[in-house]
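The block underneath contains the structure these notes are about, expressed in structure tokens.
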Amino acid sequence: MAYRNLLTSDRGGVRTIAVNRPDKLNALDRATLGELTLAFQQARADADVRVVVLTGAGDKAFVAGADIAAMSDLGAAEAQAFSRAGQALMLTIEQLGKPVIARIQGYALGGGMELAMACHLRIAARRARLGQPEISLGLIPGFGGTQRLLRLAGRGAALELCLLGLPIDAEHALALGLVTRVVDNDALDAAVTELADGLAAAAPLALAGILDAVNTGGECALEQGLAFETQTFALCFASADMREGTRAFLERRKPLFSGH
Ligand code: COA
């Protein structure tokens, strides 16, 4: 499928999706939100895709936010629809059932930070800058930023980043738990490849179970989360991959997971 504002490529079980508007620092307009939603739906439906890497084209930006030019003359009802479309995309990513890695090589601001936070792992180059600068536009984050930032980094960090709107560097983002790894700029691609290949070789049903259990547990009481974990754990025992994983350990060989 050809996209106007995205580049996609496959390598083994790894699908890379790149927002491709480098002249606009990969800003998200309505068309790009729609294409991203479609691209993630396709990645979910394709059993050959085991892991997705999400990034932006060029060196400068992962995504520098929602498209400010496109937003500038929206009315309130259109803004509501734009926010809902962005939030729906973020939920599609978060609930994909396959690991999604954000490869953050530069600016991840506003909607870009929100996009990164919907991914399951975030790996940043040292030069990356992250933040929620919407306040400087007289706005609040509208693609889930106030909610995911709160859940990832707590109330203090969420309020500081959203109220002041100042970008932070990658090390600061790591300290706040907003990115999961920081690497030197020229080591980013090797680090992403290693991470993605490792996940692509893992048991897909167990990966999906972990994603489901952590997503569910983040939104419910401990007892409910534990009950969900037990059911998901038990379900693994119905999979060929669980037999293969345990047998391979006992036979001192590497497991080969089929996804069944
Ligand atoms: N929406 C639309 N266009 C954007 C954009 C956005 N969020 N971010 C950058 N662009 C465009 C610029 O308008 C410029 O386009 P032009 O060349 O047609 O004028 C191009 O991308 C390059 O950006 P520029 O501002 O010239 O680069 P810079 O290196 O001087 O600054 C940033 C980089 C990221 C600091 C700056 O672009 C910026 O602050 N962007 C907006 C960030 C933001 O507020 N995001 C939240 C939006 S809700």
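Hey, can you tell me all the residues within the stretch 10-30 that are of a type outside the set (Asp, Glu) and either farther than 19 Å from Ala116 by Cα or touching a Pro at 6+ places or on another chain (Cβ under 9 Å) (or both)?
Taking the stretch 10-30 as the starting set, the residues that turn out to be of a type outside the set (Asp, Glu) are 11-22, 24-28, 30.
If the condition is that a residue be of a type outside the set (Asp, Glu) and either farther than 19 Å from Ala116 by Cα or touching a Pro at 6+ places or on another chain (Cβ under 9 Å) (or both), then Arg11, Gly12, Gly13 are the ones that fit.
Which one of these is under 19 Å from Gly97 (Cβ atoms) and out of contact with any helix residue (DSSP H, G or I) (no Cβ under 8 Å at 6 or more places or on another chain): Leu250, Leu211, Leu207? Show your work before the answer.
On the way: Leu250 fails: under 19 Å from Gly97 (Cβ atoms); Leu207 fails: out of contact with any helix residue (DSSP H, G or I) (no Cβ under 8 Å at 6 or more places or on another chain).
Going through Leu250, Leu211, Leu207 in turn, the sole match is Leu211.
For Asp197, state whether it is under 21 Å from Gly58 (Cβ atoms) and out of contact with any helix residue (DSSP H, G or I) (no Cβ under 7 Å at 6 or more places or on another chain). Considered against the rule, which asks whether it is under 21 Å from Gly58 (Cβ atoms) and out of contact with any helix residue (DSSP H, G or I) (no Cβ under 7 Å at 6 or more places or on another chain), Asp197 comes out as no.
Please determine, by comparing only the residues of the stretch 125-180 that are touching a Leu at 6+ places or on another chain (Cβ under 7 Å), within 16 Å of the ligand (Cβ to nearest atom) and of a type in the set (Val, Ile, Thr), which one is most open to solvent (accessible area, probe 1.4 Å). Looking at the filtered set, the residue picked out is Ile135.
Hey, any hits in the stretch 38-51 for a residue that's within 15 Å of the chain's Cα centre (by Cα) and small (Gly, Ala, Ser)? The answer is yes; a qualifying residue exists.
Residues of the stretch 26-52 that are more than 21 Å from Ser258 (Cα to Cα), crowded, with 21+ Cβ neighbours inside 10 Å, touching a residue at least 40 places away in the same chain (Cβ under 8 Å) and not aromatic (Phe, Trp, Tyr): Asn26, Ala27, Leu28, Leu33, Leu36.
Could you please let me know if Gly209 is free of Cβ contacts under 8 Å to residues at least 24 places away in the same chain, surrounded by 15 or more Cβ atoms within 10 Å (Cβ to Cβ) and under 26 Å from Val179 (Cβ atoms)? Taking the combined requirement at face value, the residue does not satisfy it.
Would the stretch 60-68 turn up any residue that is surrounded by fewer than 24 Cβ atoms within 10 Å (Cβ to Cβ) and among the aliphatic types (A, V, I, L, M)? Yes, there is a match, as at least one residue in the stretch 60-68 is surrounded by fewer than 24 Cβ atoms within 10 Å (Cβ to Cβ) and among the aliphatic types (A, V, I, L, M). Number of residues in the stretch 116-132 that are assigned to a strand (DSSP E or B) and more than 18 Å from Gly218 (Cβ to Cβ): the value is 6.
Does Ala191 count as without any contact (Cβ under 8 Å) to a residue 60 or more places away in the chain and either within 17 Å of the chain's Cα centre (by Cα) or open to solvent by 70 Å² or more (accessible area, probe 1.4 Å) (or both)? Steps first, answer last, please.
Working: without any contact (Cβ under 8 Å) to a residue 60 or more places away in the chain: no; either within 17 Å of the chain's Cα centre (by Cα) or open to solvent by 70 Å² or more (accessible area, probe 1.4 Å) (or both): yes.
The answer is no for Ala191.
Screening the stretch 1-115 for helices (runs of 4 or more DSSP H) wholly inside it with 1 or more residues that are away from the ligand (no atom under 16 Å from the Cβ) returns the ranges 30-45, 76-94. Looking across the stretch 1-15, just one residue is in contact with a Ser or Thr (Cβ under 6 Å, 6 or more places away or on another chain) and open to solvent by 40 Å² or more (accessible area, probe 1.4 Å), and that is Ser9.
The values are calculated or read from the model by the stated rules, or taken from the named source; none is laboratory data. All figures in this text were calculated on a predicted structure; none of them were measured in a lab. FYI the Cβ positions are ideal-geometry reconstructions off the backbone, even for glycines, and counts take in every protein chain you see. Each accessible area value is taken on the protein alone, full model and side chains, heavy atoms only, with ligands, DNA and RNA left out. Shrake-Rupley method; radii C 1.70, N 1.55, O 1.52, S 1.80 Å.
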